[in-house]
Amino acid sequence: MPNYIDVATLKDISIVDFLARLGHHPVRKTGKEHFYHSMLRDTKKDTPSFTVWDAGNCWKDWGGANATGIFKGGIVQLGTAYWPDLSFVEVLNKIQQVCDMDTALIPEYVPPKIYPKDPEKGTYEWGLINIRELGSNYVLTQYLHSRGLFEIAKSQRVKEVYYNRINNPENTSAYYAVGWQNEHGAWEFGNAKGFKSTIGQKGISVIQGNPDHVAVFEGYMDYLSWQLLHPKLKPTIIVLNAITMLGYAIDRIKNFHTVDVYFDNDDPGRNCAQLLKKEIPHAVDCSYEYAGYKDYNEKLKDDLNSSKRLVECTPVETASYSTGRKR
């Protein structure tokens, strides 16, 4: 059994098929929604409370979470909730084992219906058109300024990336975003509207630093925000570029003596921080540094706005001077 599996290779596995292989079948279907009695909790089996959506390949247990605290997500979150006693890596291997099972040996196995992808929501293959230095595109410049990151982004390998859809010949539109390279030399990117993707092979981004100390971030903007607030710290940096890349990165991370983790203050971020600590007990969850904020960039923007308001509200002292008149 392999030690580690790339989480990205599991994300497209049908959850309906996965549950069928485990012996769980929907009690009702409505369009592309599948309703189950929850297999994660003890229930009365009177009302199905567990829903799987084919569109998006995600699930939710409306009755709440079990002991793991997980009640929705993708296939990895489902596996973690289904096998709560297994480590993160063991869950990934277990999912792979189930999906490799011979369905002829599975009682009552029914292959799920395969729905065609919605062309408006399908997966596109992006082609690189051009790379430019930051500052020539007004929209991208303003976007980085709004996040307080324009100056540091220029010094940290961030570029203007121009691209198109190469598997959609009818659409010849060119798009643009801020981009940075991953370890494969491919371009990870995000635009001003929040869309993120990759031109080329998906991967993590690594910036070499202290060989004994690593700082791990979900996204590049979070790394830039942290670096702006900690200019003197130079650990090795690992940016996942997607939380699903955690399993792929664990082998790298565990070799460092000091491991600082800066994941988002939301359910996926907290769950992945906990899973990482199970695999690397000496890892430190540093999200307390931006407690009350979703991520480091939200904290940075609030700090910058607070400083601006302080300057605007500080009264200006006027120097007294003599008019030369006698009183």
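The values are calculated or read from the model by the stated rules, or taken from the named source; none is laboratory data. Everything numeric here is computed off the predicted structure, so don't read it as measured data. Heads up, the Cβs are rebuilt from the backbone with ideal geometry, glycines too, and the neighbour counts pull from every protein chain shown. Note: accessible area is taken over every heavy atom of the protein model, side chains too, but ligands, DNA and RNA are not part of it. Shrake-Rupley method; radii C 1.70, N 1.55, O 1.52, S 1.80 Å.
Can you tell me which residue is modelled with the lowest pLDDT among those in the range 58-89 that are surrounded by 15 or more Cβ atoms within 10 Å (Cβ to Cβ) and hydroxyl-bearing (Ser, Thr, Tyr)? This residue is Thr68.
Candidates are the residues of the range 37-57 that are hydroxyl-bearing (Ser, Thr, Tyr) and out of contact with any Asp or Glu (no Cβ under 9 Å at 6 or more places or on another chain); the one that is modelled with the lowest pLDDT is Thr47. In a residue-by-residue description of the range 181-188, the property of being modelled with pLDDT of 90 or more, under 18 Å from the mean Cα position of the chain (by Cα) and open to solvent by 40 Å² or more (accessible area, probe 1.4 Å) applies to at least one position. Exactly one of (1) free of Cβ contacts under 8 Å to residues at least 60 places away in the same chain; (2) open to solvent by 10 Å² or more (accessible area, probe 1.4 Å); (3) assigned to a helix (DSSP H, G or I); (4) not β-branched (Val, Ile, Thr) is unmet by Lys278. Its number? The single condition Lys278 does not satisfy is (1).
The condition of being within 27 Å of Gly69 (Cβ to Cβ), part of a helix (DSSP H, G or I) and in contact with a helix residue (DSSP H, G or I) (Cβ under 9 Å, 6 or more places away or on another chain) holds for only one of Asn265, Asn271, that being Asn271.
For the range 286-308, taking the residues that are aliphatic (A, V, I, L, M) and part of a helix (DSSP H, G or I), the one that is most open to solvent (accessible area, probe 1.4 Å) is identified as Leu304. Does Glu218 satisfy being in contact with a strand residue (DSSP E or B) (Cβ under 8 Å, 6 or more places away or on another chain) and buried (at least 16 other Cβ atoms within 10 Å of the Cβ)? Answer is yes for this residue.
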